[in-house]
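**Student:** Please see the structure below; I have some questions.
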């Protein structure tokens with residue numbers, strides 16, 4: 001996993017997480033569009049990403065483009081208007097869904113990310129994720145050393 005992917009996928013602090021009732025009374029975790037904007041700013045800088053919107057039928061589609069290795073790379077996702085905030089909610093939902101396409105908050109969709117008490121799994125916290133990435137880096141380095149010593 002490269003630096004950009006790792007920064008985008010890093011879990012959010014519990015203080016950023018919000019919960020609401022979903023279909024069938026199930027609790028759903030979410031973050032705000034501003035959280036996604038902040039993450040993009042952290043990774044690419046304020047001028048290193050941009051977004052645009054267009055309608056596809058009744059669905060609002062958001063495209064987030066990030067400047068990576070000298071070129072703009074874009075990903076898209078969409079959402080319908082919401083029953084609570086109408087078009088504004090659709091814009092926000094499309095933006096957040098597009099952020100997931102970039103890996104932002106994608107971990108929240110994993111069935112073991114949160115327990116019944118809404119507590120994140122260790123790997124779904126910033127600190128736990130960082131430790132897991134350090135462990136993977138060490139294992140990759142150890143594997144490289146093993147292969148390198150065979151070749152030498």
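No value in this document is a laboratory result; all are computed from the given coordinates. The shown structure was predicted, so the numbers you read here are calculated from the model rather than taken from an experiment. Every residue, glycine among them, receives a Cβ derived from its backbone with ideal geometry; neighbour counts consider all protein chains shown.
**Student:** Picking from 77, 38, 142, which is most flexible by a Gaussian network model of the chain using Cα springs under 10 Å?
**Tutor:** 142
**Student:** Taking the Cα centroid of the range 132-148 and of the range 7-43, what is the distance between the two, rounded to the nearest whole Å?
**Tutor:** 31
**Student:** Given all pairs of different Cα atoms, what value in angstroms does the Kirkwood hydrodynamic radius of the chain take?
**Tutor:** 17.3
**Student:** Top mean-square fluctuation among 25, 99, 74, Gaussian network model of the chain, C-alpha springs under 10 Å?
**Tutor:** 25
**Student:** Could you give me D for the range 36-84, from Stokes-Einstein at 37 °C and 0.692 mPa s, where the hydrodynamic radius is the Kirkwood radius over C-alpha pairs? Units µm² s⁻¹, please.
**Tutor:** The Stokes-Einstein estimate is 276 µm²/s.
**Student:** Go ahead and set up a Gaussian network model of the chain, Cα springs under 10 Å, then flag whichever of 30, 55, 107 fluctuates most.
**Tutor:** Greatest mean-square fluctuation among the candidates belongs to 55.
**Student:** Nearest 500 deg cm²/dmol is fine: what mean residue ellipticity at 222 nm does the chain get from its DSSP H runs of n ≥ 4 alone, each adding -39,500 (n - 2.57), divided by its residue count?
**Tutor:** -13000 deg cm²/dmol
**Student:** Could you check the simple spin-label distance between residue 80 and residue 5, using points 7 Å along Cα→Cβ, in nm with one decimal?
**Tutor:** About 3.4 nm, to one decimal.
**Student:** Can you give me the angle between helix 86-101 and the longest principal axis of the chain, using Cα atoms only, in degrees from 0 to 90, rounded to the nearest 10?
**Tutor:** 10
**Student:** To test your reading of the geometry: what angle, between 0 and 90 degrees and rounded to tens, separates the Cα axis of helix 126-151 from the longest principal axis of the chain?
**Tutor:** 40
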